[in-house]
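Below is one structure, written out as structure tokens; the observations come after it.
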Amino acid sequence: MPITQELARLLVLGTGDRTRYSLESFEFDYCTKSDEICNILELLPQHTSTGDRDMVQALQKTITLDEFLQLPETKPASEYINGAILQKPMPKGKHSKLQARLVTVANEIGEKQQIALALPELRCTFGGRSIVPDVAIFVWNRIPLDADGEIANTFNAHPDWTIEILSPGQSQTKVTNNILHCLNAGCQMGWLLDPDEKNILAYPAKQQPISLQEPTDILPLPEFMPEMQLTLGEVFGWLKPGNI
């Protein structure tokens, strides 16, 4: 059986799972870790068609940002970072609850007053990367609009406030690098939430990061959201259903 386009997509993106595929009569383990691609060429039998081997070799090459943006979207989303395609982990319960509540709370103030708009899982392409923050907040005058005055589908700009929520087993280094990429582009604030440790690292622009660990700690916010006030305890209190 030749390599299909779907298998080719999986080879590029990776899922973090061990899955068995069959290539002609030869079975092999697709054992990609979160940020790696198996060297499948070593696993292919010598009788495999030249076309199949050429496709695998092509998949191992770095692709450009423009080529990445032509690929179909994946679930969960994939990001383009330093020439590599990295797929985000599937959101789980704690992650999803915090993400949904952060969007709601931010928009209760920001959107109602036409100050800012919070959007979950929004692709932001800028500075040679294409990333998908868990929550991206844009100030009102930076929200791209289409010809009908509706929100655009494509955001080729950095968020003004980026929020990331760690999932179990997710690399904190990778997530932190995405926050720093936003800050270097002009983002005003970054948050990194760790639901297991009940800790938030805040990254104000042009300042040292702030570690918040006590329930009474007041969270630093970007200047464009002066009416929004939250404590660490309030945020992680949302993990209990019914706490809103």
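The values are calculated or read from the model by the stated rules, or taken from the named source; none is laboratory data. The model shown is predicted, which means the values in this text are computed figures rather than measured ones. For neighbour counting, all protein chains shown are included, and Cβ atoms are generated from backbone atoms with ideal geometry for every residue, glycine included. Calculation scope for accessible area: heavy atoms of the full protein, side chains included, ligands and nucleic acids excluded. Shrake-Rupley method; radii C 1.70, N 1.55, O 1.52, S 1.80 Å.
For (1) basic (K, R); (2) in contact with a helix residue (DSSP H, G or I) (Cβ under 6 Å, 6 or more places away or on another chain); (3) part of a strand (DSSP E or B); (4) in contact (Cβ under 8 Å) with a residue 12 or more places away in the chain, each residue gets a yes or a no:
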residue: E164; (1), (2), (3), (4): no, yes, yes, yes
residue: Q170; (1), (2), (3), (4): no, no, no, yes
residue: N178; (1), (2), (3), (4): no, no, no, yes
residue: G190; (1), (2), (3), (4): no, yes, yes, yes
residue: E214; (1), (2), (3), (4): no, no, no, yes
residue: P222; (1), (2), (3), (4): no, no, no, yes
residue: K240; (1), (2), (3), (4): yes, no, no, no
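The set of residues from segment 88-112 being more than 18 Å from I165 (Cα to Cα), of a type outside the set (A, V, I, L, M, F, W, C) and touching a residue at least 40 places away in the same chain (Cβ under 8 Å) comprises just one member, G110. If only residues of segment 197-212 that are assigned to a loop (DSSP other than H, G, I, E, B) and under 21 Å from N184 (Cβ atoms) are counted, the one that is most open to solvent (accessible area, probe 1.4 Å) is K206.
When the strands (runs of 3 or more DSSP E) confined to segment 54-145 are screened for residues that are under 21 Å from T231 (Cα atoms), those reaching at least 2 such residues are found at 116-120, 135-139.
I'm checking my understanding of the structure. Among residues of segment 114-162 that are touching a residue at least 60 places away in the same chain (Cβ under 8 Å) and charged (D, E, K, R), which one is least open to solvent (accessible area, probe 1.4 Å)? Taking the candidates together, the pick is D160. If you go through segment 139-195 and keep only what is more than 14 Å from the chain's Cα centre (by Cα), of a type in the set (G, A, S) and at pLDDT 95 or above, you end up with A147, G149, A152, A157, A185, G186.
Of all residues in segment 218-236, those satisfying the criterion of being over 18 Å from G110 (Cβ atoms) and either open to solvent by 40 Å² or more (accessible area, probe 1.4 Å) or within 22 Å of the chain's Cα centre (by Cα) (or both) are I218, F236.
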